[in-house]
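Novice: Mind having a look at this structure? Questions to follow.
The values are calculated or read from the model by the stated rules, or taken from the named source; none is laboratory data. Predicted model, so just to flag it, every value in this text is computed and none were measured. Virtual Cβ from ideal backbone geometry, glycine too; neighbours counted across all protein chains shown. Remember, those area values only see protein heavy atoms, side chains included, never the ligands or the DNA or RNA. Shrake-Rupley method; radii C 1.70, N 1.55, O 1.52, S 1.80 Å.
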Amino acid sequence: MPGSAHRYTLPTSVGRPDQWSFTWALSDDVAFASCCDFCGQANQRLTYEIRRDSDLRWVCQRCAGRYSFGAMLDQLTLTASDAHVHLNGLTMRIKQQTCHDIIRKAVAGSGDTATLEISLYFDRNLQLSPRHAALLFALLDEVDPGIDKRIFEIQLRSQAHQREYGDLDSAARKLVWPALTPQQQKRITALGFAPRSLSQRGPNSQTRAPHHAALQLPG
């Protein structure tokens, strides 16, 4: 039915979702290759460990926000709202730490000033400008091509950053393109800055996993 939400059927072994509780363990898969043990969605970056007695499973952000899992912290039962806040804090920290670690690995041993600026810029902004993203992604293709570039957020809200993207050469634009959200891709295409090989196919020609700004827990 047009416009209807996709429905997922939970495995019978799951039982009642409210019998499961968060362990507060998170996994950050930089290749977007993880799968949810509840709804079965593949191509996940972040998954969250839950427990029922001795059974452990990993669920995606969608399921972590949809179901009322138990939430204990320091022997106290958290409300749905408090669990939301705590899980979002853990999520933001692991995403930032992952990006920090990857940047350090990519620029390790480099004496190039422009390359070293990537780490300083990310430390200040927790995002990358188009220019810094292009420099980093070129390094990553040599150091670890298995890293999905979508783990980084790219600054494109301001006209200055949009022009910065437009000033990149064609190869650099193509490097940064996969890290842009669908909305950013549309904006860049409207400005005439889309990589030449992609502009003929439209801004959403690549399959992308959704970006999640925050978990939406019941409350």
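Novice: I'm trying to understand the selection: among the residues of the range 132-154, which are touching a His at 6+ places or on another chain (Cβ under 9 Å) and either part of a helix (DSSP H, G or I) or open to solvent by less than 50 Å² (accessible area, probe 1.4 Å) (or both)?
Specialist: R150, I154
Novice: Considering only residues that are open to solvent by less than 30 Å² (accessible area, probe 1.4 Å) and either of a type in the set (A, V, I, L, M, F, W, C) or touching a Cys at 6+ places or on another chain (Cβ under 7 Å) (or both), which ones fall in the range 93-131?
Specialist: Correct list: C99, I102, I103, A106, V107, I118, F122, L128.
Novice: Right, something else. Being out of contact with any Lys or Arg (no Cβ under 8 Å at 6 or more places or on another chain), acidic (D, E) and either in contact (Cβ under 8 Å) with a residue 40 or more places away in the chain or assigned to a loop (DSSP other than H, G, I, E, B) (or both): is that true of D82 here?
Specialist: no
Novice: Let me ask something else about it. Given the residues D112, D101, which is the only one that is at pLDDT below 90 and closer than 21 Å to K149 by Cβ?
Specialist: Values: D101 fails: at pLDDT below 90.
Every option except D112 fails the conditions.
Novice: Residues that are in contact with a strand residue (DSSP E or B) (Cβ under 7 Å, 6 or more places away or on another chain) and under 17 Å from G146 (Cβ atoms): which strands (runs of 3 or more DSSP E) entirely in the range 17-64 hold 2 or more of them?
Specialist: In the range 17-64, 21-28 are the strands (runs of 3 or more DSSP E) which contain 2 or more residues that are in contact with a strand residue (DSSP E or B) (Cβ under 7 Å, 6 or more places away or on another chain) and under 17 Å from G146 (Cβ atoms).
Novice: Note down all Cβ pairs under 9 Å where the first residue falls in the range 164-182 and is surrounded by fewer than 18 Cβ atoms within 10 Å (Cβ to Cβ), the second is among the small types (G, A, S) and in a helix (DSSP H, G or I), and they're at least six residues apart or on different chains.
Specialist: Going by the 9 Å Cβ cut-off, the qualifying pairs are D169/A134; S170/S197; A171/A134; A171/A138; K174/S197.
Novice: Moving on to the next point. Would you say L76 is of a type in the set (A, V, I, L, M) and touching a residue at least 12 places away in the same chain (Cβ under 8 Å)?
Specialist: no
Novice: Of all residues being part of a helix (DSSP H, G or I) and at pLDDT below 95 in the range 183-199, which is least open to solvent (accessible area, probe 1.4 Å)? Just the residue, please.
Specialist: From the range 183-199, those part of a helix (DSSP H, G or I) are 183-190, 196-199; that's our starting set.
From what is left, the residues that are at pLDDT below 95 are 196-199.
On the way: R196: 190, S197: 61, L198: 5, S199: 48 Å².
Looking at the filtered set, the residue picked out is L198.
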